[in-house]
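Bear in mind that the values in this text are calculations on the coordinates, not laboratory data. Treat the numbers as computed from the prediction; the structure is a model and nothing was measured. Cβ coordinates were reconstructed from backbone atoms using ideal geometry, including for glycine residues, and neighbour counts include every protein chain displayed.
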Amino acid sequence: MPTRRHLLACGAALALPVRAAPGDALVRALRGAQAGGGVLMLRHALAPGTFDPPGFRLGDCATQRNLDDEGRRQARHLGAWCAAHKLRPTRVRSSPWCRCLETATLAFGDRAEPWAALGSPRAGDEAGNAQALAQLHAGLASVVTRRTGLEVWVTHMFVFSALLGEGAGVGEGALLGLGDGGAPRVIARLTGLPG
């Protein structure tokens, strides 16, 4: 079981500046998902610090770790990049944490739907986390098999780890489809904020 110090170190490493802007291959993959079915899962934009303060409450942003001005700029820029490439999600779902909802809203407008399954597993128990993970698997399978277009999910690093076995940096993401046996498959990566 990782220690708090290990988790803090991982969180700090993932908060480093992004590495590279997405290229044409990512745009083609996203357009393919838009025409068929796929999920672009994003980690929220920059919200300085690690973890939420003790006693934080969902629905009360004053008690949570939130986006700063740079995070808001990143989220708006991501939305502008998607719009410039004519990438229009059919649905935008977000963790109910304020930093995720704000990222989704600034990038894609007031369409963001809070979805508890995308919430941070750090706030849950083992049974609740297992149920959330099952809901994410079912949600991805539904989008892909029903070919409902490109869906965007805004979430936390720990959700990436639970679903894919690896984290994601601030504002980074992965375009997901289904692999063998219905497991999530990474089709393409957003390894840096666009432009």
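Semi-axes of the equivalent ellipsoid for segment 99-195, please: Cα gyration tensor eigenvalues, times 5, square-rooted, ordered largest first, whole Å.
Working from the Cα gyration tensor, I get semi-axes of 19, 18, 14 Å.
Once amide H atoms are built 1.01 Å from N in the peptide plane, which residues 5 or more positions from SER94, or in another chain, come under 5 Å H to H?
GLU113, TRP115, VAL154
When every alpha-carbon pair in the chain is counted, what percent end up more than 28 Å apart?
Result: 18 percent of Cα pairs exceed 28 Å.
Suppose R0 equals 22 Å; then what is the FRET efficiency for ARG28 and THR90 from their Cβ-Cβ distance, rounded to the nearest 0.05?
About 0.75, to the nearest 0.05.
What number, rounded to the nearest 500 deg cm²/dmol, is the helix-based mean residue ellipticity at 222 nm of the chain, given -39500 (n - 2.57) per DSSP H run of at least four residues and division by all its residues?
One gets -12500 deg cm²/dmol as the mean residue ellipticity at 222 nm.
In the chain, if the dipole is taken from +1 on Lys/Arg beta carbons and -1 on Asp/Glu beta carbons about the Cα centre, which of LEU78, TRP97, PHE160 is farthest to the positive end?
LEU78
Which of these, CYS82, CYS61, CYS98, has the largest mean-square fluctuation under a Gaussian network model of the chain (Cα springs below 10 Å)?
For the chain, modelled as a Gaussian network with Cα springs under 10 Å, the answer is CYS61.
Each residue of segment 101-117 in turn: what ³J(HN,Hα) in whole Hz from Karplus with 6.51, -1.76, 1.60 and θ = phi - 60°, glycine and Pro shown as x?
With the stated coefficients, segment 101-117 comes to 4, 5, 4, 4, 5, 5, 7, 10, x, 7, 8, 5, 9, x, 9, 4, 4 Hz.
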